[in-house]
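Shown next, in structure tokens, is the structure this report addresses.
The values are calculated or read from the model by the stated rules, or taken from the named source; none is laboratory data. The model shown is predicted, which means the values in this text are computed figures rather than measured ones. Here the Cβ positions follow ideal geometry from the backbone for every residue, glycine too, while neighbour counts run over all protein chains shown. Surface areas here come from the heavy atoms of the whole protein model, side chains and all, with no ligands, DNA or RNA. Shrake-Rupley method; radii C 1.70, N 1.55, O 1.52, S 1.80 Å.
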Amino acid sequence: MVPPALADIERVFREEYGRAVAVLTRVFGDIDVAEDAVQDAFAEAVRRWPEAGLPPSPAGWIITAARNRAIDRLRREAARADKHAQAALLHACEQPLQEGPVRDDRLRLIFTCCHPALGTAAQVALTLRLLGGLTTAEIAHAFLVPEPTMAQRLVRAKAKIRDAAIPYRIPAEADLPGRITAVLAVVYLIFNEGYTASSGEALARADLCAEAIRLGRLLAQLMPDEPEVTGLLALMLLTESRRPARTGGDGALVLLADQDRARWDRALIAEGQDLVRHCLRRDQPGPYQIQAAISAVHSDAPIAAATDWNQILRLYDQLLMVAPSPVVGLNRAVAVAEVQGPAAALAIVDSLDLGGYYVFHAIRADLLRRLGRDADAAVAYHAAIAGTSNAAERAHLTSAKHQVEKG
């Protein structure tokens, strides 16, 4: 047997961390106990698996090892009259079967993390850490904040859960709609981190995309009458349909306009478009539904030149009214460039306060290049390169920078 490399163990960590934490949270009723146990189990895997080989079921091994190590530790602490340990140990021994509207461990943990006692930003960040297995740096990247700021936010969120004794339990049916905004934000951020990884050699992380879509399908089954749930699932499916064409054979990034559309997943497109049509019939537009409609317009075009940019711009105008934000304005500027020209788009981009967002600099660089302002474009590309840790994106931006520097 070929011993597993650390990369294999890291892959298992990425794929199974969220599931393991969710299962152990249900078992012990305590997020800190669950997360510590899972981290201990993975540390043990790093020590044992390179010599012993991957077990037949890595996820099962991790969950069993984490449960056993946690119980051993809790027993020692309970013997010292630690009431917290005694409570967690009692919870583990009882292991009640929880029936209710949410039956998936990971989905249950998302909803319980999205308790209204926590702010929306803390809900999303904490769930990304626990369910997505994202690092603090990756979550900070998703929120466009410095890593120390995000670390403090996570610590405060967990402390509030502990101090306020917020229960980890299945929400009642009546509680689900009130928590859906944060839950959808969590799922979408997990998907985005998978679609364009914030760091690493590969452009994307297929495991996170698949997990987000899986959760999206569960939400759609759970809440079929929530149009934004349907809209998010449609958006993810339509976006995911393009992932095979986003990189060339050498792993290099391929822009939307240059993609081989024969490589797009037609089954995902058909499913996503059907969901968009369902949303349109309901006529209750929301941000995810509008973004899904924009993706549907892109998927309608057999070639890039056939894209209906006027319709896309109208949809962005609607999105800007429903969910105004600088990032929406930036994305709208891309459509403006196609309809009204790069000069009009650049005026919009330069009015946005997004200097810390590398995509802002990348879009601005491309507009400057199209206007023949190569020196300014090179400076903007430099800022974009400095803002991303994804190797594929950096390589693409560096190549574009070299081209404008050559004139």
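Quick notes
- Taken over the range 193-222, the criterion of being over 17 Å from the mean Cα position of the chain (by Cα) and either among the aromatic types (Phe, Trp, Tyr) or crowded, with 18+ Cβ neighbours inside 10 Å (or both) is satisfied by Leu222 alone.
Here is a yes/no grid of residues against (1) touching a Pro at 6+ places or on another chain (Cβ under 6 Å); (2) open to solvent by less than 40 Å² (accessible area, probe 1.4 Å); (3) modelled with pLDDT under 90; (4) farther than 30 Å from Ile9 by Cβ:
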| site | (1), (2), (3), (4) |
| --- | --- |
| Pro148 | no, no, no, no |
| Lys158 | no, no, yes, no |
| Ala164 | no, no, yes, yes |
| Pro171 | no, yes, yes, yes |
| Pro177 | no, no, yes, yes |
| Thr181 | no, no, yes, yes |
| Asp225 | no, no, yes, yes |
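- Residue ID - nearest to Val359 (Cα to Cα), chosen from residues in the range 294-342 that are open to solvent by 20 Å² or more (accessible area, probe 1.4 Å) and touching a Pro at 6+ places or on another chain (Cβ under 8 Å): Ala323
- Restricted to the range 245-287, and to residues there that are in contact with a strand residue (DSSP E or B) (Cβ under 9 Å, 6 or more places away or on another chain) and of a type in the set (A, V, I, L, M, F, W, C), the residue that is farthest from His298 (Cα to Cα) is Leu253.
- Scanning the range 363-391 for residues that are out of contact with any Lys or Arg (no Cβ under 6 Å at 6 or more places or on another chain), assigned to a helix (DSSP H, G or I) and surrounded by 21 or more Cβ atoms within 10 Å (Cβ to Cβ) yields Ile363, Arg364, Ala365, Asp366, Leu367, Leu368, Ala384.
- Residue that is nearest to Gln284 (Cα to Cα), among those in the range 231-254 that are without any contact (Cβ under 8 Å) to a residue 12 or more places away in the chain and not hydrophobic (A, V, I, L, M, F, W, C): Gly248
- Test: residue in the range 90-98 that is open to solvent by less than 10 Å² (accessible area, probe 1.4 Å), assigned to a helix (DSSP H, G or I) and modelled with pLDDT under 80: yes
Yes/no matrix, rows are residues, columns are (1) among the β-branched types (Val, Ile, Thr); (2) part of a helix (DSSP H, G or I); (3) closer than 19 Å to Asp258 by Cβ:
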| site | (1), (2), (3) |
| --- | --- |
| Gln291 | no, yes, no |
| Ala296 | no, yes, no |
| Pro302 | no, no, yes |
| Ala305 | no, yes, yes |
| Ile312 | yes, yes, yes |
| Tyr316 | no, yes, no |
| Leu320 | no, yes, no |
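- Filtered by the rule that a residue be free of Cβ contacts under 8 Å to residues at least 24 places away in the same chain and farther than 18 Å from Thr25 by Cα, the range 140-174 gives Ala140, Phe143, Val145, Pro146, Glu147, Pro148, Thr149, Ala151, Gln152, Ala174.
- Pairs, first free of Cβ contacts under 8 Å to residues at least 40 places away in the same chain in the range 276-298, second among the small types (Gly, Ala, Ser), C-beta under 8 Å, six or more apart: Leu280/Ala293
- Of the criteria (1) within 29 Å of Ala140 (Cα to Cα); (2) surrounded by fewer than 21 Cβ atoms within 10 Å (Cβ to Cβ); (3) more than 22 Å from the chain's Cα centre (by Cα), which one Gln403 fails: (1)
- Per the listing Ala22, Ala70, Ala66, the residue uniquely assigned to a helix (DSSP H, G or I), under 27 Å from Lys160 (Cβ atoms), at pLDDT below 90 and more than 24 Å from the chain's Cα centre (by Cα) is Ala70.
- Counting the residues of the range 255-275 that are touching a residue at least 40 places away in the same chain (Cβ under 8 Å) and crowded, with 19+ Cβ neighbours inside 10 Å gives 1.
- Any hit, the range 374-392, residues being more than 18 Å from Leu256 (Cβ to Cβ), of a type in the set (Ser, Thr, Tyr) and touching a strand residue (DSSP E or B) at 6+ places or on another chain (Cβ under 7 Å): yes
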